[in-house]
Amino acid sequence: MPDEAVRNWQKTYRATGRGGLLAMGGGQARYDYETKVAAASAVVDGGMAKPEAMERFGIASATPLKQWCRLYREGGAEALRPRPKGRPRGSGAKGAPKTREQELEERVRRPEAQVAYLKNR
């Protein structure tokens, strides 16, 4: 068994206890904004060691803590604020309803474009 794996298990056990160690591999843990800011601030501004911060704030892995510290250094606490997922609202191809005339023009343009494409092949 690799020494690094055992060290990671020890860090996880110290940070989250037996329950956290047994829950490993069950998916990513979610941390709220306040926990992220507090942990990153303690490490970056307060000089706290990462393993100590993991234990104090109940962070199961060093990877997210490293990422939070990097983001905190680059953009402050605002960089850790959650971002909305997915495509922004209103960014689809929807627009105002087309008039009958616009629909007919589109129906005429489509075959013309196909013919032009086939001529250039």
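Do we find that A29 is modelled with pLDDT under 95 and open to solvent by less than 40 Å² (accessible area, probe 1.4 Å) in this structure?
Criteria not met by A29.
Across segment 38-67, what is the total count of residues that are closer than 21 Å to R83 by Cα and either in contact with a Leu (Cβ under 7 Å, 6 or more places away or on another chain) or open to solvent by less than 30 Å² (accessible area, probe 1.4 Å) (or both)? Walk me through how you get there before you give the answer.
Start the filter on segment 38-67 by keeping residues that are closer than 21 Å to R83 by Cα, which leaves 38-41, 59, 63-67.
Imposing the further condition that a residue be either in contact with a Leu (Cβ under 7 Å, 6 or more places away or on another chain) or open to solvent by less than 30 Å² (accessible area, probe 1.4 Å) (or both) reduces the set to 39-40, 59, 65.
Adding up the residues that qualify gives 4.
Pairs needed: first member in segment 15-32, on the phi < 0 side of the Ramachandran plot; second member anywhere, open to solvent by 60 Å² or more (accessible area, probe 1.4 Å) and modelled with pLDDT of 70 or more; C-beta distance under 6 Å; at least 6 residues apart or different chains.
Qualifying pairs under 6 Å: A15/E55; L21/Y13.
Scanning for something in contact with a Lys or Arg (Cβ under 8 Å, 6 or more places away or on another chain), at negative phi and open to solvent by 60 Å² or more (accessible area, probe 1.4 Å), does segment 109-119 turn up at least one residue?
no
If you check T35 against the conditions, is it of a type outside the set (K, R) and modelled with pLDDT of 90 or more?
So T35 passes the test.
Could you go through segment 91-100 and let me know if any residue there is among the hydrophobic types (A, V, I, L, M, F, W, C) and closer than 23 Å to A29 by Cβ.
Among the residues of segment 91-100, not one is among the hydrophobic types (A, V, I, L, M, F, W, C) and closer than 23 Å to A29 by Cβ, which makes the answer no.
Please find, within segment 68-101, the residue that is farthest from the chain's Cα centre (by Cα) out of those that are closer than 18 Å to D32 by Cβ and open to solvent by 90 Å² or more (accessible area, probe 1.4 Å).
It comes out as E78.
The values are calculated or read from the model by the stated rules, or taken from the named source; none is laboratory data. This is a predicted model, so every value here is computed, not measured. All Cβ positions, even for glycine, are placed from backbone atoms using ideal geometry, and neighbour counts span all protein chains on display. Ligands, DNA and RNA are stripped out before the accessible areas are found, and what is left, the full protein with its side chains, is counted by its heavy atoms. Shrake-Rupley method; radii C 1.70, N 1.55, O 1.52, S 1.80 Å.
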